[in-house]
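One structure is given here, and the rest of the page talks about it.
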Amino acid sequence: MTRPPKISIFTIIGLTLIIILGCSDKATEPPPPDTPTLLAKWRWLETIGGDYPLNPQNQGYDMTLIFLADSTYTQSKDSDLIYWGNFSAGERVYWLGDSMTVLSLDMYLFDLAYSLHTADTLTLAEYFSGGTNISRWKRLKR
């Protein structure tokens with residue numbers, strides 16, 4: 001009859017430390033304010049595409065986007081909630097081999113290419129058969 005291998009006290013202590021250290025709360029802490037991250041509240045600055053630029057001044061309303069760590073988002077027009085749901089972000093390779101960083105939002109028909117130029121500036125590009133709309137958003141301070 002074969003005996004099971006002995007497990008040393010050092011192995012048990014080592015595994016316990018790995019489990020304890022691996023359960024850090026750091027993953028749920030928000031990043032520092034100057035870190036480029038999508039997880040923030042954003043205010044709409046402008047959208048370029050179509051016949052002329054759109055912005056809060058010539059449209060008469062403000063919009064905000066909020067991305068949360070639980071992969072949910074909301075979009076509001078003034079104080080009215082207009083879109084909400086889940087989002088995902090990542091690289092997508094298209095059939096010609098081109099890749100771009102895209103943002104997939106529930107309730108949006110098309111994926112949006114996005115970039116964070118600085119910690120305070122988000123650019124979203126929506127590509128569709130009739131053209132492209134590019135919108136810029138400003139990160140609101142906490």
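Restricting the stretch 74-96 to residues that are farther than 24 Å from Lys141 by Cα and over 10 Å from the mean Cα position of the chain (by Cα), which is modelled with the lowest pLDDT? It would help to see each step written out before you state the result.
Kept after step one, since they are farther than 24 Å from Lys141 by Cα, are these residues of the stretch 74-96: 90-96.
Imposing the further condition that a residue be over 10 Å from the mean Cα position of the chain (by Cα) reduces the set to 91-96.
Numbers: Glu91: 82, Arg92: 77, Val93: 75, Tyr94: 68, Trp95: 62, Leu96: 67.
Within the stretch 74-96, the match that is modelled with the lowest pLDDT is Trp95.
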Practice task
State whether one or more residues within the stretch 98-121 are among the β-branched types (Val, Ile, Thr) and either under 15 Å from Arg43 (Cα atoms) or touching a residue at least 40 places away in the same chain (Cβ under 8 Å) (or both).
Solution key: yes
Practice task
Mind listing whichever residues of the stretch 122-142 are without any contact (Cβ under 8 Å) to a residue 60 or more places away in the chain and over 22 Å from Gly90 (Cβ atoms)?
Solution key: Ser129, Gly130
Practice task
Enumerate the strands (runs of 3 or more DSSP E) found wholly within the stretch 71-133, keeping only those where 1 or more residues are touching an Asp or Glu at 6+ places or on another chain (Cβ under 7 Å) and surrounded by fewer than 16 Cβ atoms within 10 Å (Cβ to Cβ).
Solution key: 80-93, 99-105
Problem - Unique match (being at pLDDT 90 or above and hydroxyl-bearing (Ser, Thr, Tyr)) among Ser71, Ser99, Ser104, Ser115 - result: Ser71
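The values are calculated or read from the model by the stated rules, or taken from the named source; none is laboratory data. These numbers come from a predicted model, not from an experiment. Please note: Cβ atoms are built from the backbone with ideal geometry, for glycine as well, and neighbour counts cover all protein chains shown.
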